[in-house]
Structures are given as structure tokens and as C-alpha cells.
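The values are calculated or read from the model by the stated rules, or taken from the named source; none is laboratory data. Note that the coordinates shown come from a computational prediction; the quantities given were computed from them, not determined experimentally. Ideal geometry is used to build each Cβ from the backbone, glycine not excepted, and the neighbour counts take in all protein chains shown.
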Number of protein chains: 4
Amino acid sequence: MTDEREPIRVGVLGARGRMGLEVCKAVDAADDLELVAMVDQGDWLFNASDAGAQVLVDFTTPDVVMDNLHWAVDQGISVVVGTSGFTNQRLDRVRSWLSHKPGVGVLIAPNFGLGAVLMMQFAARAARYFESVEIIEQHHPRKLDAPSGTAVHTAKLIGAARAEAGLGAMPDATKEETSGARGAEIEGVRIHSIRAAGLVAHQEVLFGTKGETLTIRHDSLDRASFMPGVLLAVRTIQSRPGLTLGLDALLD
Amino acid sequence: MTDEREPIRVGVLGARGRMGLEVCKAVDAADDLELVAMVDQGDWLFNASDAGAQVLVDFTTPDVVMDNLHWAVDQGISVVVGTSGFTNQRLDRVRSWLSHKPGVGVLIAPNFGLGAVLMMQFAARAARYFESVEIIEQHHPRKLDAPSGTAVHTAKLIGAARAEAGLGAMPDATKEETSGARGAEIEGVRIHSIRAAGLVAHQEVLFGTKGETLTIRHDSLDRASFMPGVLLAVRTIQSRPGLTLGLDALLD
Amino acid sequence: MTDEREPIRVGVLGARGRMGLEVCKAVDAADDLELVAMVDQGDWLFNASDAGAQVLVDFTTPDVVMDNLHWAVDQGISVVVGTSGFTNQRLDRVRSWLSHKPGVGVLIAPNFGLGAVLMMQFAARAARYFESVEIIEQHHPRKLDAPSGTAVHTAKLIGAARAEAGLGAMPDATKEETSGARGAEIEGVRIHSIRAAGLVAHQEVLFGTKGETLTIRHDSLDRASFMPGVLLAVRTIQSRPGLTLGLDALLD
Amino acid sequence: MTDEREPIRVGVLGARGRMGLEVCKAVDAADDLELVAMVDQGDWLFNASDAGAQVLVDFTTPDVVMDNLHWAVDQGISVVVGTSGFTNQRLDRVRSWLSHKPGVGVLIAPNFGLGAVLMMQFAARAARYFESVEIIEQHHPRKLDAPSGTAVHTAKLIGAARAEAGLGAMPDATKEETSGARGAEIEGVRIHSIRAAGLVAHQEVLFGTKGETLTIRHDSLDRASFMPGVLLAVRTIQSRPGLTLGLDALLD
């Protein structure tokens, strides 16, 4: 059992990657957390358990994250995961591992930025009140995929909220379109992906109805912005057994 | 008792003003509402009761609105009020009138734009998660007051949320300030009021914390944008006896 | 010869259309202009010459504008044209008509908003200094074409400026794209077309280079915004014989 | 005389400061420039002349920059200056030193970001066409002064352009103002200074006239954004004898 007054013992997997390094720094700087293991390619996972880690943070790659998770759950260690590539099939496997370890929690989140999470919550909530909504996401030009995962996730939340509210298709009289002008369509929501030097990671959700628009915009300028979300997850995951998807569940 | 299939009978006070005229058109265009009285300066209020109005909409002026309300409550007619100038003292008087008429409802709202109401809700909810927040409101140059009532109301909501979350003062190292540069301070929140030709009514709430910002922006281009909120209030006020403040209570 | 002290006598073609009506009102309200003819479908063009029109303003349709122009140039009347649909071939025909009438001026402009014209000038000027540039245009959902004519024109100006400065392709590592996400490509410039209720006519040109972005945005909320540009053209076209393209030439 | 094929020999004063360090890296990375001296507090200025520096870059502090400049001009070395604190009196002294050294050039610029310089140029050019204009500048909360130097400089440019065009005061009906809401007034132009965590350095110039607005916005996220401007100055200063103020003069 964790004594409230003892710091939580944290291990980081992918500790030499860009995100992993930030996590190590953030854990190290927090009074109520103790960084006990930094593990990366070529290191033994057992370093983490030997060091008494109670919570692991995994920012590794899709090809190793499942092995890491299987091992950690077996060891009874809770995990906060920022690695991408989780299909429904993968999530089911994690759930089945967890079903044998009732005290262990795993949180998998596509985005640890509190601002991004709030943007998605607000977008889902506003969706029912507006005829139209489109998403404009803007990123640095080194990004490989378009649209971003966050934009696709937002579109799905909006699409579901519109369907639930019984809203039909959005008004759009476009007759002549140069291919691509109207963006990509995900769950009936148009997404536009801007890629330009000087940008970092930005997203705007534009809602419109007769005579007014409501815009929710998130600008992320620095990986440091993800750390409050990661630490929040580290601090709460032990009291949330089973699989948790997204940071949303931890707000309020 | 209102039969669900019968249209609600609506009277408009201030019917020849800019907002009143829009309300008349909107009520007239709605199948489930019937416009039975248009009252303005010089007309008898009894025109409205004689016509069998069940709900009144008041977009008049601070100097007549209290008399209108007193009369309507006495008559047992519910009222939706968009007129400004309600102090706590005035609200108490309305409450006391209503206490003798248990079946009558009065809704007083500073803003009937659904987008504006959502902006304020989201701002109140986001407030606890960010170190900094400032409000930038932009209006046409004919506006008499700065900041706008909506901005002041937003600042109060944010101030209360920050206090509840135990947040202290925002970081601000300003040493040399040309007077006014840092805006007006309401409940510890800075508000900046832009006035320019070409603008209509806009507000931006900017939240910031290490490495990220979240911006919630509302643009209102047309009085028509207030009508969905007015009609929502007209349709529900008879089932909400007593005094209701703000459109928020009617969402969800 | 026009006496400076006499008002310029103006006829409007397409006078009952939305833009034509605005032009009639604006001409009527200007002390130095006199509205002498309002012509629309079914009216004789000769009404305009009989009334002594010195300048015509044409906001009609692509199928009649060429006949209007041919007739006016023959009559020795200068014309300000806001009608769309001018191909290079059409422009050549106008030039050939004008070559026989050395005193007559024709101005054809895709956009009479001074703000839009300045946006395009600034975009053309900034283009050489930035690695990346994309255009985001936002319009009401009744618009038939995507991208807008103004966006396409802006992209062409930027493309030409980049070519002249010897800039190559923009950086873009996109490997996986949901069809349409990256927008339409015009002269190597990506354009994204947003269509939503509540919008009127807006365009943003986003330039980016290492560590900084420059954004030029134009918001047009009202057809009235085009009138200063139309009147400027009406006042100067008689002193600009031949064909003039775009309002740019009249600024400075 | 500089041989075009030889790299320009560059010394950096304030080489261990944040900006100086960036300059050293940028010079070092440029093929046509050679970093020959890095001078900071406690080092001899003669290190720079001994190393044969042809151009110095000064990012030091107001209390030493005048001595540095005096010495460099005496030595016949051209200087690019990013240090702040130049009054008209100081500029006159620099001009008098230069008057005795006809081959030496000094450039003093408040901002080396090309985007910021273009923003100011565009703002000055647009100023005559709009009734209203206000400036909104947004910076991190560690900034000491409000408004920013760039905002004040922009206001002065706009004020001068409005005066030259004969524009009077902007429309503003404000009657009741909570102190500070309408910002600081510099040369008749209102400036609003936002300070929030998560921001870096941003400025928006908003122009408005009947029915339309034009917004020019600059976002600077990284000191690296100033380097292209510094290098442009280093490459051209030897061919611009005398005192040059602002990067503007070097564009086109």
C-alpha cells in the first residue's frame, strides 16, 4: 500500500527519447515523486522492478509497447502510456491481462496536454448547438500524417455528439471544388491540415450557426506542456485499476 | 394549462426597438409560437393581457423594465427579459413579487447567444487548470461601456473558479507600464476592450500555462444570433417558476 | 471634358441585384457623384446613354457582361466591372475594343474591398521571405465554388513571387494523408476552404519560417465594405484610358 | 576591401548572452561568414580587432553599448546592434562618431525578425485606408515593460501615416470605462498588452472600416527567428556607411 507521505516510485521506459527525457526531468522535479529507473533500448525491464517502481511511464514505440505492458501488468506495476498505435484489438489484449490483476491500472492517452483534452471536451459539448463545424489543425512540416491523431479524435467526438442530437448533414452548397479544397471528411466533419515552418502544434475547432461562430483553439508550443498531464496520471493511476482511455477521465 | 399542441401565445414589450423587432419576426416564424401583442412606448400593457399572452419578452430599457415586470407577475404572465441594468436589489424585488405567484417564471439573461453562453461555461470550467487568463473583447465603436457586460460577467465566473481551486495571483513581472496597457482588472482578471469600425461583437478568453495556450472565442455578427436563445427561453419559462438568471440553466 | 465641380454622372447595370443595389445607394449618397440610370434585365442599355452617363458600373452576370462592355466602349462610356468570369480571351477582346477608343477606360476587378486588395499586395510582398505559406479561406455555406476566386488569385500572386525569388517547393513530410486533408494546390500553394453557417467572407494567409509566422487576415462582414473601392474606381476610371485589372493600380 | 569570395570576418559582443550565443551559432553555420571573436564581460574588445573582425554584432546592455560602438567606429569596424536603449541623443552621438569615419556602417535595429519588420511595414502602409486601428501585443509574463518596444514603434509608424493622410481621431463612443479597459494610448493609437504563461512574443494589428477588418499578426516562437535578419545585416552593413535605423532599409 502506498503511504501518502512517501513519494511514488516512478520508472520511465523510453527514457532517452525526446518525450521520455522530459518525463524524467518532470518526475525528478516533483517533490511527491521519485525517479527510480530510466530504461531505454538495450536496458533490462527488470531494472525498473528491481528499483521498486510503482508506476511506469511508457513513451516508447508501437513495436515494443505491448511487450512492456504485458511485463508490467504481470509484475503488478501500473503504467501511464503515451505511445501511439493502439488498435481495438490491442486494447482488448491489455484488458484481458488486466482482468487477472485487479489492483493494477493502465492509462493510455493520445494526448497529455490538459489544454488539448479540454478542447476536445468543449468541442464535444458544443457540437449539438451548431449547424456547422470544421477542424483546422496546424503543425510543423516534419509531421508524417495528415490529419493529426488529435484532429481525427476530435472529429469522432463531434460526429457522435451530432448523431446523438439528431443533427443531419451540415449545410454546404459547394458545386465546383478544386480537389482537396474542402478538406478530408472524418465522421462527416471536415478537417483541414496546415503544414508550415514556424508552426509547432495547433488546432482550431470552428462552430457556426446563424449570425455567430464559436472557436476553440489550442496552441502547444513545447513538449513541456504535456508534463502536468503526465504527472496527474502518474499520481492517480494506482487508484484507478483496469484500463483507462484518455486523460479526460482524470479531470474532475 | 398549456396544451402541448396549442402554440404558446407571446407578447413582445419594446416591439419597435432593434431587438424587439427581431424577436417579433422570430416568434412569428416559429410554428409552435403565436405573436399576439406588440407593445412599445405609448401602448397599454393591458393590450398584452387582453390578447391572452402567456409569455412576454421584454427588450425595453432599465427605467421601465421593473414596472413591466411587476405588472406581468401580478397578471400571472411569465417573462423572458433581455433588458440590462439589474442590480442585486432589483433582483431581490423581482424575487419577492414572484414569491406570491408560485406558477410564474421570470428569466433574466445578459446574453441570449448560445455561443456566448457556452463560451462563459467553458471559460469557467477551464479556469482552474491554467496559471494565466486574460479577456479580450472587441466591439463596434458606438458602444458606450468598456468592458462589455459579457466580459465582466466572464471575469467574475473565472475569478470565482480560480478562488475555489486555490489559485493565487497570475504571474506578471510588469515593472514599467504606460497607463492602461495592461487593461482593466475585474476580480483579478485583466480585460482589454478593443473598439473599431468593422467590428460587431466578439470576445476571446485566452488561457495559458507552461508551453500551451487555450483560446475560446465567440464572434457575434448579427442580432439574429440571439433568437435561438430567446425562443428556447420562451418555450421553457412556463415550466420554470421563480427567478432564473442566465441562459445557462436552460442548456441540458 | 469633366468639370471638377460637376458631379460625375453614373449609371448602374445590374441595378436590382444585391451588389447593384448597394452601388446605387452608395453613388446616391456621394456628393460628387450623380446616379442617372438604373438598368437591369429587360431594360434598354440606351437608357444609360440617354441619361448622359459618363461612367457605368457593371455588376451583372458572365453571359451579358461582354455585350454590355462592347456597347459602352462603342458609346465612349468608361466602365467599372465587378462581374466575374473573365478569361484571358475575353480580356483580349476588351483590349481590342478599347484600342479604337483611346479616351475610354475599363477597370475589371475580382474584389473591390480595399482590405482584400491590401491583403493580396502584402501577401505578394511577404512571399519571398518565408519557406512556407498556406491560404485558409472561410465563407458562408451557400457559396458554390471552392476555393474562392480571391484565394486562387492570392495563390497565383504568391506562386509568381516565390518563383521570381528562386524559392523551391515548401517543406512537407506528409506520408499518410486522408484524401483532401492537405487542401487544394494552386501554383504550388495549398488552399483550405472552410464553409460554415455564421461565416460571411474571410481569408487568412499564413507565412512561416524557422521560429516565426506572419498572418494576414481579412474579414468582410458586409457588402458595404466593397463600396469605398467601387467609388474610388468610379472617380478615377475616366483618367485611366485602356484596360486596368484589379483595384491595386488605383492605390497610391 | 572585402573580396566577395572571402568569408566576412565577424566578432560577436555579448557572446555568452542568450541572443549572442544564437548569433555565434548562426554565423558559424553560414558558409560566407567566419566567426573570429567571441567577446563578453571581462574580455578585451581588442580581441576582436586583433582577430581581424570586419563586422561586429552587439547584443550587450545599454550601459556598455555606447563604449563598444565608439571603440569599433574608431577602429573602422562596422557594427550590427541589437542592444536596446537608444535615445535620440545617443543616436546623435553615434552619427557624430561616424561622420569622421566615412567607410564605416552602423545598423541599430529594435527587432531583427523579418516577420516583425514586414508587419510594421504593412501596418504603416494600411494605416491610411482604415478609420480605426488598435494594437494587441501578447508576451510571456516575465516581460518587464508594457507595451513592448515593437508595439510602441508600430503605433508611431501608424500615427505618422494617419497624420500624413489627414485622418482625424478614431471613432470611439466610450462613456463609461473601467480604468485601463481601453488600453494605453501612444500617438493616438490604443495598445493592449496581454501577459500570460505559455505565450512567447506575438503582436496583432487590427484595422477596421465599415464592414471589414484587416489583421496583421506576427508570432515569434524562438530566438532563432531573429538570425536571418541578423545575418542579412552582417552581410550588407559594410556597403551601407553611416547610421541605418531598423532592418526595413535592407529589405529591397
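Numbers at a glance
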read-out: Test: residue in the stretch B:140-151 that is among the polar types (S, T, N, Q) and under 25 Å from D:V133 (Cα atoms); value: yes
read-out: Flag for A:L13 being within 17 Å of A:V81 (Cα to Cα) and either of a type in the set (S, T, Y) or free of Cβ contacts under 8 Å to residues at least 24 places away in the same chain (or both); value: no
read-out: Sole exception among (1) under 13 Å from B:M227 (Cβ atoms); (2) surrounded by 14 or more Cβ atoms within 10 Å (Cβ to Cβ); (3) modelled with pLDDT under 95; (4) not hydroxyl-bearing (S, T, Y) for B:R18, by number; value: (2)
read-out: Test: residue in the stretch A:76-91 that is within 12 Å of another protein chain (Cβ to nearest Cβ) and among the hydrophobic types (A, V, I, L, M, F, W, C); value: no
read-out: Count of residues meeting criterion [within 14 Å of the chain's Cα centre (by Cα) and closer than 24 Å to D:H139 by Cα] in the stretch D:219-252; value: 11
read-out: Checking D:I135 against (1) more than 30 Å from D:V27 (Cα to Cα); (2) touching a residue at least 12 places away in the same chain (Cβ under 8 Å); (3) outside any strand (DSSP E or B); (4) away from chain C (no Cβ under 14 Å), the condition it does not meet; value: (3)
read-out: Qualifying residue in the stretch C:148-165 (condition: closer than 30 Å to A:A155 by Cα, free of Cβ contacts under 8 Å to residues at least 40 places away in the same chain, buried (at least 24 other Cβ atoms within 10 Å of the Cβ) and within 18 Å of the chain's Cα centre (by Cα)); value: yes
read-out: Hits in the stretch B:195-211 (condition: modelled with pLDDT of 95 or more and polar (S, T, N, Q)); value: B:Q203
read-out: Only listed residue being among the hydroxyl-bearing types (S, T, Y) and touching a residue at least 40 places away in the same chain (Cβ under 8 Å), chosen from B:S193, B:S179; value: B:S193
read-out: Check on A:R142, at pLDDT below 95 and in a helix (DSSP H, G or I); value: no
read-out: Every residue from the stretch A:57-115 that is hydroxyl-bearing (S, T, Y) and without any contact (Cβ under 8 Å) to a residue 60 or more places away in the chain; value: A:T60, A:T61, A:T87, A:S96, A:S99
read-out: Hits in the stretch B:238-252 (condition: touching a helix residue (DSSP H, G or I) at 6+ places or on another chain (Cβ under 9 Å) and modelled with pLDDT of 95 or more); value: B:R240, B:P241, B:G242, B:L243, B:T244
read-out: Matching entry among A:R190, A:R162, A:R182, A:R235 (being at pLDDT 95 or above and in a strand (DSSP E or B)); value: A:R190
read-out: Residue match in the stretch A:106-129 (condition: surrounded by fewer than 23 Cβ atoms within 10 Å (Cβ to Cβ), more than 30 Å from C:I136 (Cβ to Cβ) and of a type in the set (S, T, N, Q)); value: no
read-out: Selection count where residues are in contact with a strand residue (DSSP E or B) (Cβ under 6 Å, 6 or more places away or on another chain), closer than 28 Å to A:D74 by Cβ and buried (at least 23 other Cβ atoms within 10 Å of the Cβ), scope the stretch A:215-252; value: 3
read-out: Qualifying residue in the stretch A:173-182 (condition: within 11 Å of another protein chain (Cβ to nearest Cβ) and within 21 Å of A:H218 (Cβ to Cβ)); value: no
read-out: Meets criteria (in a helix (DSSP H, G or I) and modelled with pLDDT under 95) for C:R95; value: no
read-out: Residues that are more than 24 Å from B:F226 (Cα to Cα) and within 14 Å of chain A (Cβ to nearest Cβ), drawn from the stretch B:92-126; value: B:A126
read-out: Spans of strands (runs of 3 or more DSSP E) in the stretch D:3-80 with at least 2 residues farther than 24 Å from D:L98 by Cα and not acidic (D, E); value: D:33-39
read-out: Restricting the stretch C:192-225 to residues that are hydrophobic (A, V, I, L, M, F, W, C) and touching a helix residue (DSSP H, G or I) at 6+ places or on another chain (Cβ under 6 Å), the residue that is nearest to the other protein chains (Cβ to nearest Cβ); value: C:L214
